[in-house]
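Inspection log for the structure reproduced underneath, given as structure tokens.
No lab work stands behind these numbers, since they all come straight from the coordinates. As the structure is a computational prediction, the values presented were derived from the model and not from experiment. Counting neighbours? That spans all protein chains shown, and the Cβs are built from the backbone with ideal geometry, glycine included.
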Amino acid sequence: MKTTKIFFAAFVTFLSLHVAAYSQTQTAMNRQAGTQYQKADQELNSVYQKILKEYAKQSVFIAKLKTAQRLWVQLRDAELEARYPEPNQYGSALPTCRAIYLKEMTQQRTNFLRTWLTGIPEGDVCNGSVKIKR
């Protein structure tokens with residue numbers, strides 16, 4: 001009986017420490033989500049700048065890519081507003097939710113743009129401006 005009580009007390013202590021280690025305030029979660037979005041945005045900008053540098057001699061492509069990126073930013077912002085149209089209705093988690101959504105959309109765009117850096121397999125006749133993998 002005494003061993004059971006000791007085990008139970010140890011288990012409860014372990015469980016409370018485990019839960020405390022993973023609990024955060026909403027402010028901390030908002031900050032963390034914001035930081036994750038900023039990192040995703042930095043990665044997007046890095047990939048975009050690499051494309052601009054690598055394809056610098058293709059002025060028509062560069063002009064069209066810049067237009068596409070500017071329009072994507074407008075689409076991203078409009079999608080975010082459509083997702084959360086009335087900010088006062090979503091409570092204190094809204095900054096976290098917005099940052100997570102922005103991060104996800106930004107990561108998708110980064111992966112899409114990265115194709116211009118990694119290329120596509122030879123033989124794809126629809127490669128357009130994307131380089132062929134060597």
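For GLU54, all conditions in the list (1) more than 15 Å from the chain's Cα centre (by Cα); (2) among the acidic types (Asp, Glu); (3) over 14 Å from ARG114 (Cβ atoms) hold save one; what is the number of the exception?
For GLU54, the failing item is (3).
Just the residues that are crowded, with 16+ Cβ neighbours inside 10 Å and either touching a residue at least 24 places away in the same chain (Cβ under 8 Å) or acidic (Asp, Glu) (or both), please, taken from region 101-113. Please lay out each step first, then the result.
So the first thing to find is which residues in region 101-113 are crowded, with 16+ Cβ neighbours inside 10 Å, and the list is 101-103, 105-107, 109-110, 113.
LEU102, LYS103, MET105, THR106, GLN107, ARG109, THR110, LEU113, listed by residue number.
Quick check, is ASP77 in a helix (DSSP H, G or I), in contact with a Ser or Thr (Cβ under 7 Å, 6 or more places away or on another chain) and not small (Gly, Ala, Ser)?
On the way: in a helix (DSSP H, G or I): yes; in contact with a Ser or Thr (Cβ under 7 Å, 6 or more places away or on another chain): no; not small (Gly, Ala, Ser): yes.
When the stated conditions are applied, ASP77 does not pass them.
Can you tell me which residue in region 85-96 is farthest from TYR37 (Cα to Cα), limited to those that are surrounded by 14 or more Cβ atoms within 10 Å (Cβ to Cβ) and either of a type in the set (A, V, I, L, M) or without any contact (Cβ under 8 Å) to a residue 60 or more places away in the chain (or both)? Steps first, answer last, please.
Of region 85-96, the ones surrounded by 14 or more Cβ atoms within 10 Å (Cβ to Cβ) are 90, 94-96.
Going one step further and asking which of them are either of a type in the set (A, V, I, L, M) or without any contact (Cβ under 8 Å) to a residue 60 or more places away in the chain (or both), we end up with 90, 94.
On the way: TYR90: 19, LEU94: 14 Å.
Filtering first and then ranking leaves TYR90.
Look through ARG114, ARG70 and report the one residue that is charged (D, E, K, R), more than 22 Å from LYS133 (Cα to Cα) and part of a helix (DSSP H, G or I).
ARG70
Looking for something among the aliphatic types (A, V, I, L, M), surrounded by 11 or more Cβ atoms within 10 Å (Cβ to Cβ) and more than 20 Å from the chain's Cα centre (by Cα) - is there at least one such residue anywhere in region 123-134? Break it down into steps so the answer makes sense when it comes.
The initial filter retains those residues of region 123-134 that are among the aliphatic types (A, V, I, L, M), namely 125, 130, 132.
Cutting the leftovers down to surrounded by 11 or more Cβ atoms within 10 Å (Cβ to Cβ) gives us 130, 132.
Going one step further and asking which of them are more than 20 Å from the chain's Cα centre (by Cα), we end up with 130, 132.
Checking region 123-134: at least one residue is among the aliphatic types (A, V, I, L, M), surrounded by 11 or more Cβ atoms within 10 Å (Cβ to Cβ) and more than 20 Å from the chain's Cα centre (by Cα).
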